[in-house]
Amino acid sequence: MATHTYTYKQFSCFNKTFTNTEPGPPSDVLHAFHSFSSAGATSMSADNLLAFLTDHQREPQCTSDDSLRIIQSLKGDHKTDDGLTLDDFFHFLLRDDLNAPFKSEVHHDMNAPLSHYFIFTGHNSYLIGNQLTSDCSDVPIIDALVRGVRVIELDLWPNSTKDDVEVFHGRTLTTPVSLRQCLWSIREHAFVTSKYPVIITFEDHLTPDLQAVVAEMVTEIFGELLYYPETDLLSEFPSPESLKGRILISTKPPIEYLDSKSCDDEDKKTKSADKGSQSPDVTNKVESDDKDVEDLNESDEKSYKESAPKYKRLITIHAGKSKGDFQEDLKVAGKVKRLSLSESKLEKASESFAPDIVRFTQKNILRVYPKGTRITSSNYKPHIAWTHGAQMVAFNMQGHGKSLWFMQGMFKANGGCGYVKKPDFLVEKGPNNEVFDPKRTLPVNKTLKVKVYLGTGWSSDFSLTDFDSHSPPDFYVKIDIAGVPADRAKKKTKTIKNNWFPVWEEEFEFPLSVPDLALLRIQVKEENRTEKDDFAGQTCLPVTELKSGFRSVPLYDEKGEKYKSVKLLMRFQFK
């Protein structure tokens with residue numbers, strides 16, 4: 001156990017020295033080491049380690065090769081017969097590359113329809129900053145794809161000369177980026193992190209001639225990567241597995257000339273009612289820029305008839321056209337579609353139509369996006385959307401904070417591939433055709449026990465005075481459960497004063513009624529008596545993915561970047 005000496009200036013007059021000692025193995029770790037080592041032995045053999053992995057860590061799939069690999073990683077090939085000393089064993093438990101809190105590979109069933117998955121979804125993916133004045137660029141699109149985002153949103157507008165297509169947030173002061181540049185960046189980075197499909201949602205504000213330009217551009221740039229549906233409208237979406245390495249387009253189809261006059265009249269009434277409440281972010285994006293058939297002049301009509309087939313054949317996920325009656329929109333017809341709602345509209349609709357929304361999302365896709373007043377690119381709480389089965393919960397990836405941590409935590413699941421299989425209760429019907437009711441309070445399903453032992457790494461990743469200019473930091477841990485209302489809970493450890501290597505050894509219990517939708521949020525803060533407590537790291541973990549036993553839990557900064565050294569030693573148990 002190394003000892004470190006730190007000298008701080010006190011009131012600009014004199015220096016004060018603090019001594020911090022790196023902690024040794026907690027008593028629980030000592031007990032486990034001796035329990036799984038051979039009687040009287042001072043080291044843990046490969047067979048002993050395998051027994052520990054299978055019995056204590058609850059990893060029955062581990063093999064002798066796995067235990068040997070761990071020993072080799074810690075001691076080198078030539079010392080595998082020596083086994084692990086207590087210090088080696090403790091070092092192993094602190095290695096998040098060897099002892100992570102969740103699986104790092106895809107392990108969900110990926111052969112169900114797309115509607116059976118939560119999908120990592122971006123909102124206005126081209127914006128660098130706020131929604132009104134920031135630059136548009138392909139850089140945030142690349143960053144999102146590298147982070148595992150699978151749905152990229154592009155707003156398409158004519159350029160100033162009306163002969164090409166640009167991407168920007170319409171009716172704002174955002175500076176444009178060319179569509180061609182965005183598409184090339186998507187092609188180059190789509191499958192860097194995940195091989196599962198990338199979906200591009202177009203918010204289309206184009207003339208028919210420019211729709212034809214987009215059709216040609218998309219076909220040229222994506223080539224064989226582009227997925228073409230075999231039929232005009234799908235009765236069921238294909239699976240993520242069948243679409244690996246493919247790019248899909250989702251948007252509203254071009255004008256349909258066989259629409260009845262009555263449908264057109266109903267649409268006009270709906271749009272007229274909507275216009276009075278629209279903010280810069282359109283209230284219902286699905287239908288915001290449709291033209292009515294009778295508003296088209298002869299030239300427009302001819303252009304649409306010529307361009308529509310080229311553009312329409314690109315669309316795999318059709319954005320459904322609202323009929324103005326929300327309950328009518330949610331009726332499950334023969335063909336599947338995507339419907340978009342703002343966060344506030346979903347919240348309002350969920351008060352009256354919660355089971356109807358769940359039923360709709362069993363076959364169709366629901367996209368939820370931030371309300372128009374979030375001009376700073378902040379985000380909303382995603383759980384109300386997930387609880388109702390919404391697949392595309394669209395977030396501003398530049399909107400750092402607690403809500404985005406929840407999103408990043410959810411999509412750590414399933415190997416970080418960007419697709420998380422929805423719980424069975426959100427995709428199945430009961431014996432009487434009933435579906436899950438998000439408003440119903442359920443009994444406790446299981447209890448999660450969380451023990452926080454110690455933390456390390458801050459002295460490596462931070463400077464001496466990053467937290468306090470006069471003394472070592474005073475760390476404490478906040479642990480929250482985010483999920484359905486009945487499961488939400490907050491806990492907090494004691495504060496460890498003046499120590500870069502805090503030891504807490506505190507345990508908490510969380511009863512969970514819907515563990516499938518629960519996220520464990522862990523945040524370390526540094527206590528500050530005169531100002532707001534300092535941020536010292538965070539992570540968010542999907543509860544159903546947690547591995548039992550002692551685990552090394554790496555922490556991330558406020559933007560979601562992993563710290564090089566900062567981590568916690570924790571233990572997770574279920575009962």
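General observations
- Test for Ala394: is it open to solvent by less than 20 Å² (accessible area, probe 1.4 Å), small (Gly, Ala, Ser), part of a helix (DSSP H, G or I) and closer than 20 Å to Pro113 by Cα: no
- Checking Ile186, Ile199 one by one, the residue that is in a strand (DSSP E or B), closer than 24 Å to Glu105 by Cα and assigned by the TED database to the domain that holds Phe360 is Ile199 and no other.
- Residues in the stretch 189-210 that are in contact with a helix residue (DSSP H, G or I) (Cβ under 8 Å, 6 or more places away or on another chain) and more than 23 Å from Ala394 (Cβ to Cβ) were compared, and the one that is most open to solvent (accessible area, probe 1.4 Å) is Asp209.
- All of Leu84, Leu114, Leu30, Leu53 fail the test of being in contact with a strand residue (DSSP E or B) (Cβ under 8 Å, 6 or more places away or on another chain) and closer than 30 Å to Phe501 by Cα, apart from Leu84.
Yes/no per residue for (1) of a type in the set (Gly, Ala, Ser); (2) open to solvent by less than 10 Å² (accessible area, probe 1.4 Å):
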site: Asn528; (1), (2): no, no
site: Lys532; (1), (2): no, no
site: Gly537; (1), (2): yes, yes
site: Cys540; (1), (2): no, yes
site: Thr544; (1), (2): no, no
site: Phe550; (1), (2): no, yes
site: Val553; (1), (2): no, yes
site: Ser565; (1), (2): yes, no
site: Phe572; (1), (2): no, yes
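- Here the stretch 1-50 is the region considered, the condition is being within 18 Å of Trp458 (Cα to Cα) and among the aliphatic types (A, V, I, L, M), and the residue that is modelled with the lowest pLDDT is Met1.
- Listed by first and then second residue, the pairs linking a residue in the stretch 388-401 that is touching a residue at least 24 places away in the same chain (Cβ under 8 Å) to a residue that is among the aromatic types (Phe, Trp, Tyr), with Cβ atoms under 7 Å apart and 6 or more places separating them unless they lie on different chains, are Gln391/Tyr117; Gln391/Phe118; Val393/Trp386; Ala394/Tyr369.
- Restricting attention to the stretch 500-526, the residues that are open to solvent by 40 Å² or more (accessible area, probe 1.4 Å) and hydroxyl-bearing (Ser, Thr, Tyr) total 0.
- Looking across the stretch 429-453 at every residue that is free of Cβ contacts under 8 Å to residues at least 40 places away in the same chain and open to solvent by 30 Å² or more (accessible area, probe 1.4 Å), the one that is nearest to Phe475 (Cα to Cα) is identified as Arg440.
- Of the residues making up the stretch 99-116, those that are closer than 21 Å to Asp424 by Cα and not acidic (Asp, Glu) are Phe102, Lys103, Val106, His107, His108, Met110, Asn111, Ala112, Pro113, Leu114, Ser115, His116.
- Residue in the stretch 453-460 that is polar (S, T, N, Q) and either within 16 Å of Phe572 (Cβ to Cβ) or part of a loop (DSSP other than H, G, I, E, B) (or both) present: no
- Condition check for Ser377: open to solvent by 10 Å² or more (accessible area, probe 1.4 Å), at pLDDT 95 or above, closer than 30 Å to Phe535 by Cβ and hydroxyl-bearing (Ser, Thr, Tyr): no
- Output for the stretch 468-490, where each listed residue is among the charged types (D, E, K, R) and free of Cβ contacts under 8 Å to residues at least 40 places away in the same chain: Asp487, Arg488, Lys490
The values are calculated or read from the model by the stated rules, or taken from the named source; none is laboratory data. Keep in mind that what you see is a predicted model, and the values were worked out from it rather than measured. Glycine gets a Cβ as well: all are built from the backbone with ideal geometry, and neighbour counts include every protein chain shown. The accessibility values were calculated without ligands, DNA or RNA, using every heavy atom of the protein model including side chains. Shrake-Rupley method; radii C 1.70, N 1.55, O 1.52, S 1.80 Å.
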